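S.K.: Next up is a structure, given as structure tokens.
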Amino acid sequence: MGVHRYIYPKNREYGHLLIDLRHRDQVLGAQLTAVGDRELEGYRFSSAWAKDQRVFFVIRFSRPFIDAKVIDMTQDPYVIEQSATSKAIVGLLDFYSYEGQPLVVTVGLSAVSIENARANLEAEANHFDFDRVKAETQAKWAQQLGKIEVGGGTAAQKRTFYTALYHTMVAPNLYMDVNGEYRGRDMLIHQANGHQVYTVFSLWDTYRACNPLYTIIEPQRTNDFIQTFLRQYEQGGLLPIWELSACETDCMIGNHAIPVMVDAWKKGITQYDGYTALQAVVASAMQDRYGLRWYKSLGYIPSDEEPESVSKTLEYAYDDWCIAQLALAMGDQTLADTFLHRAQYYKNLFDPSTGFFRAKNNSTWHTPFDPFEVNFNYTEANAWQYRFAAPQDVSGMMQLLGGREAFAAQLDTLFTTRAVTTGRQQADITGLIGQYVQGNEPSHHMAYLYNYAGQPWKTQARVRQILDEQYTDRPDGLSGNEDCGQMSAWYVLSALGFYQVVPGNAQYVIGTPLFEKTVIRLDNGKNFTIEARGASAQRPYVQSATLNGRPLTQTWFAHSDIVNGGTLRLDMSDRPSRWGADEAGRPLSAIQAEPIVPIPFIAAARRVFQDSQRIELGCADPEAVIYYAFGKNAAPGPYGKYEKPLLLTENAQLRFYAERRGHRSPVAYAEFFRLRPDMRVLRYAHACNPQYTGGGEQALVDLQPGGADFRSGRWQGYEGVDLDVVIDLGSRKPVREVRVNFLQDENSWIFFPVKLRVETSDDGERFAPAGETFNAVQPTASGSLQQKLILRLGNTSARYLRIVGETLGKCPEGHKGAGNPCWLFVDEVYVE
């Protein structure tokens, strides 16, 4: 429902109002009908981010219109009627001018039907009293924002805080009608039973802070959110990832409905069936899509099989830990053990030589490696911003990085290293402090990790710095995209003085309060008060603490402490203290299960090599012993103990695993090909983009296809320039045919070349034209397309071939990137 006020223009007899049902995205169908002289009704179905968004509406006016034109814009000439059904409709309404008098417009919306839109409008705004609606809305927001009352601080800090709190309450949105009907994930109409139904679940963002905040101030809505998740599971077979208008957009990674559900369950928010919830989370984790097939079999996702492989592996491992917690709560130890094992898979991408989580393909670390580089191995981030991305096992991360002190030292470096990134430009990476990125979600827990390392004063200093530097009350007061409330939820919780580092573990880690006194008014009628005497930018450090009058020597407290009501009192100072620094005071995040044996890796090697190469094997577990065997069979055997680097001089298939005290890793596999000596790349006229090297300078002749995804690492990419390469055939020989395989993905600005041109030479310097062939596929063709352009040369002989794929140059007219440089992608050259 919406209520709008339109002021008539002065000194005009008529006023005009335009209703535009066109859209920059694809409109699947629309209808607009004038009903009498005060109402319009209709619908618009569109396909964009939500692939099948259905919106029905009724619009009412406080004054009659004297003329209504409904124009079908798809007809030539335009057809003007009182009603139209089309893909492009405009309504033009004329009203008598009442100078200085408002025209009030009310709008009812529904995802179900026009009738329900009208019923919603009748129930929520069956009048045209704008001031009444304004007053009612202000009262509702005052009640909502009154859930937290802050005292002390500056006026600007209070404006920033309540703006942030407001932002956390804008989404999710109610997605049902007053009669309880709603459109489900199966696009059918359902009746809600005992709970509200919602939409707009940006779960990759919000599971970190927004949903934990809701468990404190919106427990009933949290129940409703989870009931909505379960209805979507029942109607569509899976839990949501990023749902919008009953459609799964799949625009982010992980299965982060899982931590939202598990965190709520662990906090006693359980007005839904736990066994159904457990069934749902397991079903989502056992799919084969989005790299899960490889994750389940290898314990990690290879970068040449799935983009953003490092981030997906790490986040799936965290989700798996959450599943284990729910399984334990439901009494299923066997299932819990399975997922506690999987929760350790983050170790399979830890490179002990660099101390970072890195991408692997062909069981080999992706090279070259630059932890500052933003590439498609990480989600909106680089290796720095995913370096501490196993919150479910902080103790395990400490062990990988060399212990508690070394872990804290690397946190120091995170905040103090240079604040620049290399590689791909990523708009989400903003608000940098060193390589810490407040403007995007993967960093949000990191400042609180010092507590786990026994250095809570550093958490206090960094959190205060972020609160003061990254948030203001100005229009640009956020350092990044709001992301459905997550950016502001971090501020709200941190300003209160605590943060939940590990959703699914019902504990909050103490930071530094922004205000001297804060009162959280709970739905159960109790209050939880945080008092921070002397809190200020100059006094961010906690000297001592009490909880309900008793000394608190640990840097964390439980969710139940909030729900039961009480007072957390912190004494603030301008000097760091050792409060909470000893072992008893530190929060603990550790997986209590048999440690996995990480799958071993190849330190550095090329899939395709010249002459010979040495292969060095390694494992993130220094106690593990590695065994290897050559051969194609599933059980090639016999496996030998690895003791020194392996020398390859021919094509080879290598299998290897690691073992520790009877426990064995999955078997790793790698294959290697020796380049044929009679066909090598001599030179390129234009270097490919460093993000898309295809595996090296010989990638075009290595017989390794690129696959369907341009982010696989096996495609060479050229931005705005031609492919222009010289191939050396080793000696002069007959050349009958040249084939070059190209990719088109117009949504990613990648287009087939205009044509393929081939020239020949005997000395590699002077070339003569041999022929050309043209691409016939239109640049508007959508999807991930591949095409071999083939040029038959007849009786030509040559030693050198110059192969030119002429780029389209710029994105064509009508494309979303029109006028900007486009890409040309190529993976292989074949010569016969």
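The values are calculated or read from the model by the stated rules, or taken from the named source; none is laboratory data. Keep in mind that this is a model prediction, so the values were computed, not measured. Here the Cβ positions follow ideal geometry from the backbone for every residue, glycine too, while neighbour counts run over all protein chains shown. These accessible areas exclude ligands, DNA and RNA; they are computed on the full protein's heavy atoms, side chains included. Shrake-Rupley method; radii C 1.70, N 1.55, O 1.52, S 1.80 Å.
S.K.: For segment 138-269, which whole-number percentage of the solvent-accessible area (1.4 Å probe, protein heavy atoms only) is attributable to carbon and sulfur atoms?
M.R.: Ligands and nucleic acids excluded, carbon and sulfur give 51 percent.
S.K.: I've got another one for you. Provide, for q = 0.10, 0.12, 0.14, 0.24 Å⁻¹, the log10 of I(q)/I(0) from a solvent-free Debye sum over equal Cα point scatterers in segment 361-446.
M.R.: -0.25, -0.36, -0.50, -1.26
S.K.: Continuing with the same structure: Farthest toward the dipole's positive end in the chain, which of G91, Q500, V826, given Cβ charges of +1 (Lys, Arg) and -1 (Asp, Glu) about the Cα centre?
M.R.: Of the listed residues, the answer is Q500.
S.K.: If you roll a 1.4 Å probe over the heavy atoms of the protein chains, what accessible area per residue do you get for segment 609-763, in Å²?
M.R.: Each residue of segment 609-763 exposes 47 Å² on average to a 1.4 Å probe.
S.K.: Take the Cα atoms of segment 435-532, build their convex hull, and give its volume per residue in Å³.
M.R.: Hull volume normalised by residue count: 129 Å³.
S.K.: Moving to a separate point now. What does segment 95-226 give for Rg and for Dmax, in Å, if only its C-alpha atoms count?
M.R.: Rg, Dmax (Cα atoms, Å): 18.4, 53.
S.K.: Provide, for q = 0.20, 0.22 Å⁻¹, the log10 of I(q)/I(0) from a solvent-free Debye sum over equal Cα point scatterers in segment 729-832.
M.R.: Debye curve over Cα of segment 729-832, log10 I(q)/I(0) at q = 0.20, 0.22 Å⁻¹: -0.93, -1.05.
S.K.: Could you check how much of the accessible area of segment 48-108 is carbon and sulfur, as a whole percent, using a 1.4 Å probe?
M.R.: The value for segment 48-108 is 53 percent carbon and sulfur by accessible area.
S.K.: Suppose each label sits 7 Å from its Cα in the direction of the beta carbon; what would the T276-N564 distance come out to in nanometres?
M.R.: Result: 3.2 nm between the two label points.
S.K.: Taking a probe of 1.4 angstrom, what is the accessible area of D483 in Å², to the nearest 10?
M.R.: Taking all protein chains as shown, D483 has close to 30 Å².
S.K.: Here is a further query. Over all directions, what mean area does the Cα convex hull of segment 703-780 project, stated in square nanometres?
M.R.: It is 6.5 nm².
S.K.: Taking the mean number of other Cβ atoms within 10 Å as a proxy for protection, how do you rank 380-391, 140-151 from highest to lowest?
M.R.: 380-391, 140-151
S.K.: Size of the dipole of segment 158-232 about the Cα centre, Lys and Arg at +1 and Asp and Glu at -1 on the beta carbon, nothing else charged, in debye to 20?
M.R.: The calculated dipole for segment 158-232 is roughly 280 debye.
S.K.: Please give the residues of segment 177-213, grouped as numeric ranges, whose backbone N is less than 17 Å from a label point set 7 Å along the Cα-to-Cβ vector of C251.
M.R.: Output list for this probe position: 199-207.
S.K.: Hey, another quick one. State whether segment 440-491 is rounded, prolate or oblate according to the following rule on the C-alpha gyration tensor (a ≥ b ≥ c being the square roots of its eigenvalues): a/c under 1.5 gives rounded; otherwise a/b larger than b/c gives prolate, and the remaining case gives oblate.
M.R.: Taking the square roots of the gyration eigenvalues as a ≥ b ≥ c, segment 440-491 is oblate.
S.K.: While we're on this one: Taking only C-alpha pairs under 8 Å that are 6+ residues apart, what is the relative contact order of the chain in percent?
M.R.: 8
S.K.: Right, another one. Nothing charged except the Cβ atoms of Lys and Arg (+1) and of Asp and Glu (-1): what's the magnitude of the dipole of the chain about its Cα centre? Round to the nearest 20 debye.
M.R.: 1340
S.K.: Order of 276-285, 297-306, 92-101 by packing, highest average Cβ count within 10 Å first?
M.R.: Highest mean packing first, the order is 297-306, 276-285, 92-101.
S.K.: Here's something else I'd like to know. With N set to the residue count of the chain, report its C-alpha Rg divided by 2.2 N^0.38 Å to two decimal places.
M.R.: Rounded to two decimals, the normalised Rg is 1.08.
S.K.: Compute, for segment 555-676, the length of the dipole vector about the Cα centre, with Cβ point charges of +1 (Lys, Arg) and -1 (Asp, Glu) only. Units Debye, rounded to 20.
M.R.: Rounded to the nearest 20 debye, it is 600 debye.
S.K.: Which one of T421, A408, V437 is farthest out on the positive end of the charge dipole of segment 407-480, using unit charges on Cβ (Lys, Arg +1; Asp, Glu -1) and the Cα centre as origin?
M.R.: Looking along the dipole axis, the top candidate is A408.
S.K.: To continue, here is another question. Return the tail of the calculated pair distribution for segment 485-577, meaning the percent of Cα-Cα pairs more than 16 Å apart.
M.R.: Result for the distance tail: 54 percent.
S.K.: Expressed in nm², what is the orientationally averaged projection area of the convex hull enclosing the Cα positions of segment 183-263?
M.R.: 4.9
S.K.: If packing is taken as the average count of other Cβ atoms within 10 Å, what order do 352-361, 253-262 fall into, highest mean first?
M.R.: Highest-to-lowest ranking by the protection proxy: 253-262, 352-361.
S.K.: At a 1.4 Å probe radius, carbon and sulfur cover how many percent of the accessible area of segment 680-719?
M.R.: Roughly 54 percent, rounded to a whole number.
S.K.: Okay, moving on. Across the Cα atoms of segment 319-380, what radius of gyration and what greatest pairwise Cα-Cα distance (Dmax) are found, in Å?
M.R.: Rg and Dmax of segment 319-380, Cα atoms, are 15.7, 46 Å.
S.K.: How much net charge surrounds S395 when only other residues with a Cβ under 15 Å from its Cβ are counted (Lys, Arg +1; Asp, Glu -1)?
M.R.: Net charge around S395: -1.
S.K.: What is the Cα centroid distance between segment 412-472 and segment 694-768, reported in whole angstrom?
M.R.: The distance from the Cα centre of segment 412-472 to that of segment 694-768 comes to 42 Å.
S.K.: If you don't mind, another one. Show that you can apply the helix-only estimate: for the chain, add -39,500 (n - 2.57) for every DSSP H stretch of four or more residues, divide by all residues, and state [θ] at 222 nm to the nearest 500.
M.R.: Value at 222 nm, helices only, nearest 500: -6500 deg cm²/dmol.
S.K.: For segment 567-628, what does the convex hull of the Cα positions come to per residue, in cubic angstrom?
M.R.: Output value, Cα hull per residue: 248 Å³.
S.K.: Starting from the residue with the highest accessible area, list R118, R293 in decreasing order, probe 1.4 Å.
M.R.: Sorted descending by solvent-accessible area, the residues read R293, R118.
S.K.: May I pose another question? Tell me, what HN-Hα J-couplings in whole Hz come from the Karplus equation 6.51 cos²θ - 1.76 cosθ + 1.60 at θ = phi - 60° for each residue of segment 106-115, using x for Gly and Pro?
M.R.: Calculated HN-Hα couplings, in order: 10, 10, x, 10, 7, 9, 9, 6, 5, 4 Hz.
S.K.: Right, here's the next one. State in Å² the accessible area per residue of segment 54-124; use a 1.4 Å probe, count heavy atoms of protein chains only, and round to the nearest integer.
M.R.: Ligands and nucleic acids excluded, the figure is 45 Å² per residue.
S.K.: Counting only heavy atoms of the protein chains, get the accessible area per residue of segment 289-438 (1.4 Å probe) and round it to a whole Å² value.
M.R.: 30
S.K.: Could you check the spin-label model distance between M73 and W49? Points 7 Å from the Cα along Cα→Cβ, value in nm.
M.R.: 2.1
S.K.: Starting from the exponent 0.38 and prefactor 2.2 Å, build the expected Rg for segment 184-317 from its residue count and divide its actual Cα Rg by it.
M.R.: With N residues counted in segment 184-317, Rg over 2.2 N^0.38 Å equals 1.05.
S.K.: Contour minus end-to-end for Q235 and Q425, with contour as 0.36 nm per residue of separation and end-to-end as the Cα-Cα distance?
M.R.: Residue separation times 0.36 nm, minus the Cα-Cα distance, leaves 64.6 nm.
S.K.: Still on this structure: In nm, give the distance between the simple-model label positions of K641 and N820, each being 7 Å from the Cα along the Cα-to-Cβ direction.
M.R.: Roughly 5.7 nm, to one decimal.
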